[in-house]
1. Quickly work out the THR279-to-ARG152 label distance, labels modelled 7 Å from Cα along the C-beta direction, and quote it in nm with one decimal.
2. Give the order of GLU294, GLU278, GLU145 when sorted by the count of other beta carbons within 10 angstrom, beginning with the fewest.
3. Given R₀ = 25 Å, what would the calculated FRET efficiency be for ALA177 paired with ASN226, taking r from the Cβ atoms and rounding to 0.05?
4. Given a Förster distance of 45 angstrom, what is the FRET efficiency for ASP184 paired with ASN34, based on the Cβ-Cβ distance and rounded to 0.05?
5. Where nothing but the Cβ of Lys and Arg (+1) and of Asp and Glu (-1) is charged, how large is the charge dipole of the range 195-308 around its Cα centre, in debye to the nearest 20?
6. Take LYS304 and ARG85, extend 7 Å from each Cα along the Cα→Cβ direction, and tell me the distance between the two endpoints in nm.
7. Given charges of +1 on the Cβ of Lys and Arg and -1 on the Cβ of Asp and Glu, with all other atoms neutral, how large is the dipole of the range 116-290 about its Cα centre, in debye to the nearest 20?
8. Which of the GluC sites (Glu not before Pro) found in the range 1-79 are loop residues per DSSP with 11 or fewer other Cβ atoms within 10 Å of their Cβ?
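Nothing in this text is a laboratory measurement; each read-out follows from the coordinates by a stated rule. Predicted, not measured: the structure shown is a model, and the values here were computed from it. No Cβ is skipped: glycine too gets one built from the backbone with ideal geometry, and neighbour counts run over all protein chains shown.
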Amino acid sequence: MVLFLNEEDVKSILTMPDALKVLEEMFRQQGLGNTVNNPRQRVRTNESMLHYLAGALPYLGVMGYKAYTTHKGGMKFRVFLHDIRTGELMSIMEGNYMGMIRTGAVSGVATKFMAREDTRRVGIYGAGWQARGQLAAMCAVRAIEGIKVFSRNKEKRREFAKLMEGLLETEVIPVHAPEDAAKDADCVITATTAFEPVFTSDWLRPGIHINAVGGNFLFKREISENTVASAGKKVVESLEQCRIEAGEFLPLVEKGRMKWSDLTELGDVVSGKISGRETDEEITLFKSVGVAVEDLAVAAHIYKIAKGAGIGASLDIPS
């Protein structure tokens with residue numbers, strides 16, 4: 001029987017602390033060469049688009065894929081988890097909430113290994129669904145004392161700040177100008193749908209850490225070329241996938257200002273092969289595009305708990 005887990009089931013199981021723990025171990029295994037990740041593929045039509053990412057985690061005994069659709073009405077995510085030994089389908093689970101927590105937790109792992117220990121102030125660009133997970137993860141890995149949020153929509157940023165302040169029990173201030181979010185920040189996050197950079201390198205202080213998570217198309221660039229160039233350490237989840245999806249890097253490579261070999265994979269940082277930061281003054285950058293093995297690691301964790309607790313519905317279909 002195949003276990004089906006809906007959004008409410010996933011919400012009842014998955015916590016940010018657990019996601020951080022699961023993903024830190026996954027990246028450690030990645031650094032040791034114990035994961036298999038296939039870059040995202042996209043099927044385009046005039047009405048909608050299908051996206052899918054596949055991979056395997058031998059250390060957990062699972063493989064599978066995430067498939068999701070995007071269209072004018074929104075997005076819908078599902079993760080399909082298979083047993084490596086038998087190839088059988090173990091579970092299908094809805095992945096909207098899972099994806100938000102997972103994306104935030106990935107940035108949280110990067111922040112833990114790359115940001116200064118005394119990081120206290122965060123500036124975030126974007127006040128949508130993904131921004132929630134980003135801030136939850138920041139507060140889980142650093143003692144955050146204040147957050148500033150900028151969104152082009154005044155009402156949206158005000159409502160977001162009120163919501164997150166209540167959830168995180170940390171001061172969250174909506175700001176009226178984009179430069180105000182970066183001013184005096186120890187960490188800056190971009191979680192937007194922007195096609196052009198949302199801040200300039202002139203607004204950044206020495207030692208800042210940047211998490212850029214909003215874009216996974218070559219034509220999207222949340223951060224500027226100068227911002228990328230200013231970072232002493234540039235870390236990504238998958239070099240192979242960034243060559244396809246990280247629009248922030250491509251112009252610099254084409255102009256000869258950066259080589260793909262200048263990028264470091266997060267797995268090498270978490271496994272201790274490479275330091276995430278050299279000095280307190282160094283600017284560090286983590287560029288996230290979202291990779292399959294992240295979803296599979298979190299899905300395996302959810303599946304294990306659901307099976308033990310009797311959560312979910314059994315589907316009478318061949319596994």
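1. 3.8 nm
2. By the 10 Å Cβ count, ascending, the order reads GLU278, GLU145, GLU294.
3. Numbers: r = 19 Å, r/R0 = 0.78.
Calculated value: 0.80.
4. Approximately 0.65, to the nearest 0.05.
5. Numbers: 14 positive and 18 negative charges, 47 e Å.
My answer is approximately 220 debye.
6. 1.5 nm
7. 380 debye
8. GLU47
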